[in-house]
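One structure below.
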Amino acid sequence: MARSAVAVPIPEPWIDDWDYRKSHEIDGSVAGAQEDYQVKIRVNYGEGTYFEDNGMHNPFFDGDNPSSVYYNGKTYIVWQGGAGYDPFIASYDHSANTWSYRVQIASNPLSSDSHGVPTILIDDSGYIHIFYGSHVTNQKYAISDNPEDITGWTVQADPATMATYPKPVMMANGDIYLLLRKSTAAAGKHQEIYIRSDDGGASWGAENIIIEVDANTHAIYNYTPRVHGNNIHMIWRYHDGTDSENVYHAYLNTLDGHMYSMDGTDLGTSITKAEADANCLVADTGIYIPGHMALRLDGDGYPYIIYCVTSATGWDYNFTRWTGAAWTAVETITTTDHGNNGMDFIVHSATSITAFLIGDGGAGQGGDINEWSWNGVAWSEIKTILSEADSGRPLIHPEVVKDYDSELVLIFSQYGGVDVDSLELYAYNGTNFVPREDESVYCDENCRTDFGDVRFTESDKVTELEYWIQEKTDNDYAIFWVKVPSIPTDPDSATIYMYYGKADATTTESGADTWIDYEDWESYAVDAVLPLGEFEATDITEVCKIDDNRAFKGTKSLYLDDDSEINRNNITWNYPNKTSGGFRFLLALYQDTNYGDFSWIFHFYNSLDAGCITLRAEDDLTIVDYYAGGYHDTGFSMTEDIWEVLEICAVIDADTWDFAVSGEWAINRPKRENLDAFLYTVLNLAYAGGQFRGNLGACVIGKYIDPEPTHGSWGPEESH
C-alpha cells in the first residue's frame, strides 16, 4: 500500500546547500480536490529544446507566412500537425514563462500534401485569424471566438477559391490584405492576387491580380510580404512551367492600389512578366535556378533580400539590398544543399544583420540551423544553434517571429517528408531554447549525472516531497513520480519546487514497493498459476498500456490447457480501500487459433442497489452498460487468433461514482465508501460450456482522474 506524502518540515538551511531551483504550477482539479496526487516529471540532464512534437511533413513553410506573431505579452505560433496535416496553435506567455497546451484549430481538407500550412494574423481587437488548408483549392479560414484566446474557433466562409500560399498582413487602418496565389485551373495560370477585408474578416472584396504570368502552367512564387507605411513589399520568382528564374521585388501602394518598383515607377494595378523584367528585377539568375527567399525592410523601408540559387557546385545563399538608388552587387554568404531550405534574418541597422540559415546536413532538404552576422562589409558564421545530428532529423524553415520580443525570437522545425509526423518544433530566444516544461524539466547540466541531488518541495520551499524514480539513464534523463499532498479544486492551483545542484547528494527516493497504490498481484484467487503458453509477458504489457502519463503496476497472466476449467468465483480482483481518485482496469483475452471462435460469459455480482458498472470491448462494443444489485450474466463471442481488451473505468469524487463509456459519462450513482469489495463482486469469469482453452491476462494502471489537472510549464532556472 502507498504511504502518504512525507510532510515533515526540514530546517531551512538545507536549501542553501542546493545551487538551483525551478518552480512548477499545477492547476486545480476540475474533478475536485485531490490528495496525494502523483505527478509524473521527466527530469533531463541537459538543455531543453522543442516546445511541441506533433509536427507533420513541413510544420512551417516560407511560402505560407507568417507562422508566428508576438501580441500583448504572448507569442502565438501556428503549424501543421497531427496525422491529418491539421492546423494547430500554441501560445507562450512571456510574463509567466509558460506555454499553453496546443489546440487544434480545424481540420485540413488536404491529404498527404504539405501546402496547407496555416498562417496567422491578430487584428487590433485581439481576434486571431488563421488561413490554412489550400493548394489550388478553396482557401480555409477560421477566427478565434474571443480575443487573445486560442481555446475556441469558428470556421468562416472560404474567402477565395483555387488558392495557394496565403500571406495575411494588416495595415495601420485595420484593413486586412490577404495575398495568395490564384489559379485559373490546376494546369492553368498561377498568378499572385490580393483580397481585402475592412470589417475584420466578416466579408472580403474582389480579387485583384497584382503579378501576372504569360501562359498556362506558369506560376508566381511570392514570399514574405512586409509592410512599411501604406506599402506592402513583396519578392517573387517566376516559374515557366519547367524551371524558376530571377528574383523580383515590387510594392503595392494600398492608397491607390498600384504596384511600384523601388525607383518609383508606377506599374499600374498589375505587373506583367515584361514589366517585371524591365522594372522589378533584383537578380538575373541566368542559367541558375532560384529557390526560397526572404525579405526584410530597414527603418527607411529599404528592402534587404536573401535567396537560394543554384551555382556551379550546388546551392548558395545570396544577399543584396536596396541602397536608396540601386540594388547592391549580389554577395554569396555561404552554401546549402537544397533550394527549399529557407532562411530569415533581422536587420538591426544598415550595418548590422543577424541571419538564420540552414547549413549542410545530410543529403536532401534541411540541415543544421546556423546563425550568421553581417557588419556592413562581410558575412561571418557565429554558431550552430542546433545541428541535424543533435536533433535526430533535418531542420528547416527558420522564421523570425513577427514583432518579436527578445524572450522568443526564432522558430524552426524538423523536416520529415510526406506523411511523416511527430516532428519537433523549436523556439529560440537568441541565446537559449524556450522549451515546453510541463512534465519535462531541464537541468542544463547543473544537476548530478545520476540525478541523485534532485529534490522536490511544497510551495513553502521547505517541506520535502516523497518521490520515486521509475527509470533513468545517467547523463540523459530520469522519470520521477512525485507525491503532492493536495491539489485544490479549480480554479486554485498548487506549486511545487525542484532543487538540484549539490555534488555530494545521493538519492532519497522511497522505492517502488512503497510507492504504487495497488494491491500485490499475488492476491489473485486462483486455484493454480499455470505456465505462460501462447504469449510472452511483454505482450500483455503492451495491451495494458494506456499512455505515458499513467503509472503501471504489473500483470498476471496464465495459459489454460485442454483440461483446465474455470467456474464461478475462481478468479477475482481485489482493490484497496479508496475514497477519491479512481482506477482504470483492463482485462485482455486472447483466443487461440487452434480452437476456433469462442464465447465468453461474464458472471458478476453487483452489491449496490443502483447500477454502477461499465464494461466495454476495445472496438467500443458495450457489453455491460450498468445493472442494479444482484447477479448478472452477459457474454460475447470472439473470433480466433485475436486479442480482445475489455475495460472498466471509474472516477470517484466527493459525491458520486462516474463510469465512462468511450470517454463520455454514462451514469452518476451514489458513492460507496471504498472499492474494497467492488471488483471482487464485479467480475467472475466462466465459460458457457464449463470448459475452455485460451489465454487470459489482466493488468491495472495508475491513479486515474478525469479530467486530469493541467500542468503549467516549469519556470526559469533560479540561483539562490
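The values are calculated or read from the model by the stated rules, or taken from the named source; none is laboratory data. Since the structure is predicted, the reported quantities are computational estimates derived from the model, not experimental observations. Cβ: placed from backbone, ideal geometry, glycine included. Neighbour counts: every protein chain shown.
Among the residues of region 25-45, the ones that are more than 15 Å from Phe480 (Cβ to Cβ), among the charged types (D, E, K, R) and at pLDDT 80 or above come to 2 in all.
Just one of the listed residues (Glu471, Glu466, Glu458) is under 30 Å from Asp504 (Cα atoms), among the acidic types (Asp, Glu) and surrounded by fewer than 16 Cβ atoms within 10 Å (Cβ to Cβ), and it is Glu471. The numbered conditions (1) over 37 Å from the mean Cα position of the chain (by Cα); (2) over 27 Å from Phe356 (Cβ atoms); (3) not charged (D, E, K, R) are all true for Ala187 except (1). Exactly one residue out of Tyr223, Tyr288 is touching a strand residue (DSSP E or B) at 6+ places or on another chain (Cβ under 7 Å), surrounded by 14 or more Cβ atoms within 10 Å (Cβ to Cβ), assigned by TED's automatic domain parsing to the domain that holds Asn173 and part of a loop (DSSP other than H, G, I, E, B), and it is Tyr288.
Only residues that are closer than 20 Å to Ile358 by Cβ, assigned to a loop (DSSP other than H, G, I, E, B) and either within 16 Å of the chain's Cα centre (by Cα) or free of Cβ contacts under 8 Å to residues at least 40 places away in the same chain (or both) were counted in region 400-429, giving 4.
Every residue, every condition in (1) modelled with pLDDT of 95 or more; (2) closer than 14 Å to Tyr426 by Cα, yes or no:
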position	(1), (2)
Gln365	no, no
Ala378	yes, no
Ile385	yes, yes
Ile396	yes, yes
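Residues in region 46-55 that are at pLDDT below 95 and out of contact with any Pro (no Cβ under 9 Å at 6 or more places or on another chain): 3 in all. Once region 425-445 is narrowed to residues that are under 15 Å from Thr98 (Cβ atoms) and hydroxyl-bearing (Ser, Thr, Tyr), the residue that is surrounded by the most Cβ atoms within 10 Å (Cβ to Cβ) is Tyr442. Applying the condition of being of a type in the set (Val, Ile, Thr) and assigned to a loop (DSSP other than H, G, I, E, B) to region 183-220 and asking which residue is farthest from Leu281 (Cα to Cα) yields Thr184. Selection of region 24-41 for residues being part of a strand (DSSP E or B) and crowded, with 18+ Cβ neighbours inside 10 Å yields His24, Glu25, Ile26, Ser29, Gln34, Asp36, Tyr37, Gln38, Val39, Ile41. Of everything listed in (1) free of Cβ contacts under 8 Å to residues at least 40 places away in the same chain; (2) surrounded by fewer than 22 Cβ atoms within 10 Å (Cβ to Cβ); (3) part of a strand (DSSP E or B), the single unmet condition for Tyr248 is (2).
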